[in-house]
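Take a look at the structure set out below.
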Amino acid sequence: MTKMVDRTCVDFLDVLSSKAPVPGGGGAAALGGAIGMALSNMVGNLTVGKKKYADVEDEVKELLAQGYKVLEELIVLVDKDAEVFEPLSKAYGLPTETDEQKKFKADTMEECSKLACTVPMDIMRKSYEGIKIHERMGQIGSKLAISDVGCGVVFLKAALVSGMQNVLINVNSIKDEEYVKNTSEEMKRLLEDGNRVADETLQLVIDKLTK
């Protein structure tokens with residue numbers, strides 16, 4: 001089976017807009033985040049080698065190394081999201097005619113819901129990392145391409161918020177209180193700090209563009 005990320009953009013969008021269960025919001029979020037990360041990398045590549053930015057070249061190269069790693073990880077998560085959702089989609093169809101079947105379905109749903117939370121949580125983590133990279137790239141990257149930092153951080157903020165929603169839709173059905181507590185706390189931290197940094201970075205870009 002062809003991976004989602006190996007399809008053309010048009011093919012991906014055709015499947016995304018169909019009634020097929022995957023890709024869905026999680027896969028779209030990961031792809032959007034990857035696009036955002038690519039934009040920061042572009043700014044970094046346009047900065048390296050320029051005499052005007054020689055004093056920050058080593059730091060930009062480090063940001064690029066970090067950025068390419070985040071980009072690769074988000075690309076993997078596009079298909080990984082579909083993989084972890086499939087068991088949950090099958091679990092919904094389990095029979096519930098007997099008490100044993102009801103218990104088996106409940107236990108299976110719990111396990112599959114936890115699994116389905118893993119990828120959107122990773123999308124949130126990677127989006128947050130990407131946002132932090134954009135924060136610094138916006139400060140030291142080439143001003144000729146600064147608008148791409150703004151575009152990229154908006155993509156990553158969208159991926160962060162979308163990842164959160166895909167966690168919520170699964171975590172709400174989980175009975176394990178400690179798991180829910182730990183997941184919710186991390187999710188809240190990533191969301192609040194990530195949104196703050198993304199908004200500040202976007203404002204920085206707008207300020208530079210309007211001077």
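Read the figures in this text as sums done on the coordinates, not as results from a lab. Treat the numbers as computed from the prediction; the structure is a model and nothing was measured. So basically every Cβ, Gly included, is an ideal-geometry build from the backbone, and we count neighbours across all protein chains shown.
General remarks:
- So residue 167, is it in contact with a Pro (Cβ under 7 Å, 6 or more places away or on another chain), of a type in the set (A, V, I, L, M) and either within 30 Å of residue 55 (Cα to Cα) or buried (at least 16 other Cβ atoms within 10 Å of the Cβ) (or both): yes
- Pairing each residue of the stretch 143-154 that is farther than 16 Å from residue 197 by Cβ with any residue that is surrounded by fewer than 23 Cβ atoms within 10 Å (Cβ to Cβ) and among the basic types (Lys, Arg), provided the two are 6+ apart or on different chains, yields C-beta distances under 7 Å for 143/208; 146/208.
- Exactly one residue out of 106, 159, 116 is touching a Gly at 6+ places or on another chain (Cβ under 7 Å) and under 27 Å from residue 21 (Cα atoms): that is 159.
- For the stretch 87-100, the candidate set comprises residues that are of a type outside the set (A, V, I, L, M) and assigned to a loop (DSSP other than H, G, I, E, B); within that set, the residue that is surrounded by the most Cβ atoms within 10 Å (Cβ to Cβ) is 96.
- Test: residue in the stretch 75-86 that is in a loop (DSSP other than H, G, I, E, B) and crowded, with 16+ Cβ neighbours inside 10 Å: no
- Some residue of the stretch 129-142 being closer than 17 Å to residue 191 by Cβ, crowded, with 21+ Cβ neighbours inside 10 Å, in contact with a Gly (Cβ under 8 Å, 6 or more places away or on another chain) and β-branched (Val, Ile, Thr): yes
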